[in-house]
Amino acid sequence: MHDSSLAPLFKHHIDVVTQRYQKAMENHDFDHLVIPAGSQHGIFLDDMSYPFKSNFHFNSFVPLDDLHDSVLIISADGTRKLCYYQPVDFWHYVAGDPEGFWVEHFDIVMTRTKDEVLSHVPTTGNVAYIGEMGRPFDEDGFTAVNPGYFMNEINWHRAIKSDYEIECVSRANKRAAVGHMAARDMFFKNGSELEIHLAYLLATGHAEHQLPYGSIVALNEHAAILHYTLYNNTAPQQHRTFLIDAGARYNNYAADITRTYAYEQNEFAELIGDMDALEQRICNKVVSGQSYVDLHIETHHEIAKLLNKYKFCDMSPESMVEAGVTSTFFPHGLGHHIGLQVHDVGGHQANVEGDPAPPPKAHPFLRNTRDIEVSNILTIEPGLYFIDSLLGDLKQTEHGKTINWDKIEQFKPFGGIRIEDEVLVTATGPRNLTREHLD
C-alpha cells in the first residue's frame with residue numbers, strides 16, 4: 001500500500017532499523033547481510049505451490065509481501081541493495097515495477113532469473129545469511145547462516161516499534177475491525193461458519209492466504225476449541241454463541257483481534273460482558289515497567305472471581321489460582337508481542353544476548369515473559385472456556401468436588417469466551433489500538 005503520508009514515518013523507520021542491523025553486524029563481526037524474501041514452495045508431486053510467506057527480516061525493510069526470490073543486501077556502511085526479482089513469466093502473477101514511498105531508500109537492481117542475484121552477493125568480508133536457505137544459495141557460500149547471537153540481538157530490539165510500525169498496526173486493526181463487524185452481522189443473520197468467514201474476507205479485502213493467520217470462526221461449542229479453523233458450511237440448528245479470532249494486514253503488519261457474542265440476552269451474555277470489562281481493566285495496566293508475567297497471574301485471579309460470581313466453583317480465588325483450577329478454564333497465555341509476525345519472536349528472552357526467560361511452570365503457554373516497555377505493542381486476550389478434556393482432568397482431582405458440575409453442563413453448549421485487543425505502550429499510558437476502531 002503506497003499511501004504517501006507514510007513517507008516521513010518510513011524514512012525514520014528504515015534509518016532506525018538499518019542502524020539496529022548495523023550495530024548487530026558490528027557487535028558480531030559481519031561486513032554484509034544477505035536477506036532473502038524467501039521462495040515459493042512446491043507441493044509434493046504436484047505442479048502447484050503453497051501460498052508464499054515472506055521473511056520478516058526482509059519485510060522489516062521492504063513493505064511488500066509478493067517479492068518472492070528477491071534479496072536484500074545490507075552492508076556495514078548502511079547501504080541497502082535490493083535485488084528485485086521480476087521474471088518473464090506468463091503463467092503466474094509477477095510483481096510490478098517498484099514504486100511508492102519506500103523506493104528511494106534502496107539501490108534497486110532488477111533481476112530476471114534467480115541466479116542473477118549471485119553476481120551481487122559480496123565476495124569479500126564476513127557475510128551472514130538471514131532467512132530460509134534455498135536456491136540459488138548454498139550454506140558453504142556464507143560465513144554464517146542465521147547465527148543465533150545475531151538473531152537474538154535483532155529479535156530483542158524488534159519489540160520496540162517505530163512510529164511507522166505503530167501506524168501500520170493501527171491501520172491493520174482498522175481493516176480487521178471492518179471485517180469483525182461484517183462477521184458479527186452475518187452471525188446474527190444465522191450464517192454458517194463458512195458464510196461468516198467469507199463475509200469477513202470480503203469486508204477486509206483479503207484473500208485467505210493474505211491473512212496474518214487462519215481465522216478462528218467458531219459457533220456454539222466450537223468456541224471451546226482454541227484454534228478451531230474448520231469453517232462448517234452448514235449452520236447449526238440453533239445459534240447460541242460466536243467466537244471470532246481474526247486479523248488483517250497493512251504493509252505486512254498484523255492485527256489480531258478476538259470477540260465473542262451471544263445470540264440472546266442470557267447469563268452467558270452477562271458473562272461475556274464481565275469478561276469484556278475484565279479484559280479492559282487488564283489493558284489499562286499495560287504500562288512501562290509492569291511485569292507481563294504478573295499481569296498474566298493477576299488475570300487468573302480475575303478469572304477466579306468470575307468463577308465464584310457465576311457459581312462454577314466455591315473455592316476462594318486465591319486457592320483456585322494456587323491449585324491451578326483457573327488453568328482449566330483459562331489454559332493459554334495472556335497474549336504476546338505483535339508486529340510483522342502475529343507472535344513476534346523474542347518474548348522469552350531475558351536480555352539482548354538471548355539468555356532464556358521461560359514462562360513459569362504453572363503457566364507454560366505464556367508467550368511473553370519480558371517486562372513491558374514504551375513502544376511495545378502487546379495483545380491482551382483473557383479467555384474462559386468449557387473444554388471437555390480439561391474439565392475431565394479437573395473432575396478426577398481433589399478439587400473436583402468444589403465444582404458445580406450441573407452449572408458447567410449448562411454452559412458447555414456455549415463453548416467459551418475470548419476477548420482480545422492490541423495495546424500500545426506510550427510514555428503517558430496505554431493506547432488501545434483495537435478499541436479505537438472496534439468496541
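The values are calculated or read from the model by the stated rules, or taken from the named source; none is laboratory data. Just so we're clear, the structure is a prediction, and the values are computed from it rather than from any experiment. FYI the Cβ positions are ideal-geometry reconstructions off the backbone, even for glycines, and counts take in every protein chain you see. Accessible surface areas use protein heavy atoms only, side chains included; no ligands, DNA or RNA. Shrake-Rupley method; radii C 1.70, N 1.55, O 1.52, S 1.80 Å.
Table for the structure above
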| quantity | calculated |
| --- | --- |
| Selected from 277, 315, 301, residue furthest toward positive end of dipole (segment 266-359; charges at beta carbon) | 277 |
| Whichever lysines have a C-alpha closer than 18 Å to that of residue 114, once near sequence neighbours (fewer than 8 apart) are set aside | 53, 81 |
| Degrees between helix 267-283 axis and first principal axis of the chain (Cα, 0 to 90, nearest 10) | 50 degrees |
| Radius ratio Rg over Rh of the chain, counting only Cα atoms, Kirkwood formula for Rh | 1.00 |
| Loop-located trypsin sites (Lys or Arg not before Pro) in segment 1-108 whose Cβ has at most 15 other Cβ within 10 Å (DSSP) | 53 |
| Alpha carbon centroid spacing (whole Å) that separates segment 315-370 from segment 177-236 | 27 Å |
| Antiparallel DSSP beta bridges within the chain, percent to nearest 5 | 80 percent |
| Inter-label distance for residue 190 and residue 202, nm, one decimal - labels placed 7 Å from Cα along Cα-to-Cβ | 1.9 nm |
| Counting DSSP beta bridges with both ends in segment 40-158, the antiparallel % (nearest 5) | 40 percent |
| Dipole moment magnitude, nearest 20 debye, the chain about Cα centre, only Lys, Arg, Asp, Glu C-beta charged | 800 debye |
| Options 237, 219, 209, ranked by Cα towards positive dipole end of segment 105-239, top entry (Cβ charges) | 237 |
| Net dipole in debye of segment 49-97 [+1 Lys, Arg Cβ; -1 Asp, Glu Cβ; about Cα centre; nearest 20] | 160 debye |
| Accessible area expressed per residue, the chain, with surrounding protein chains retained (probe 1.4 Å, Å²) | 44 Å² |
| Per-pair calculated FRET efficiency, R0 = 25 Å: residue 311 and residue 284 via Cβ, rounded to 0.05 | 0.35 |
| Segment 139-227, accessible surface, carbon-and-sulfur percent (1.4 angstrom probe) | 54 percent |
| Dimensionless Rg over Rh [segment 20-89; C-alpha; Kirkwood] | 1.08 |
| Label-point gap, in nm, between residue 408 and residue 362 - each point 7 angstrom along Cα→Cβ | 2.0 nm |
| Of the trypsin sites (Lys or Arg not before Pro) in segment 99-208, those whose Cβ has at most 16 other Cβ within 10 Å and which sit in DSSP loop | 112, 189 |
| Carbon and sulfur %, accessible surface of segment 366-439 computed with the full protein complex present, 1.4 Å | 46 percent |
| Extension gain, residue 44 back to residue 28 (0.36 nm per residue minus Cα-Cα distance, nm) | 1.9 nm |
| Residues of segment 121-144 with amide N under 16 Å of the 7 Å Cα→Cβ point at residue 107 | 121-125 |
| Reachable lysines from residue 361, criterion Cα separation under 24 angstrom, eight or more residues apart if same chain | 285, 305, 395 |
| Computed [θ] at 222 nm, deg cm²/dmol, the chain (DSSP H ≥ 4; -39,500 (n - 2.57); rounded to nearest 500) | -9500 deg cm²/dmol |
| Segment 129-267 - charge dipole about Cα centre, Lys and Arg +1 at Cβ, Asp and Glu -1, debye rounded to 20 | 480 debye |
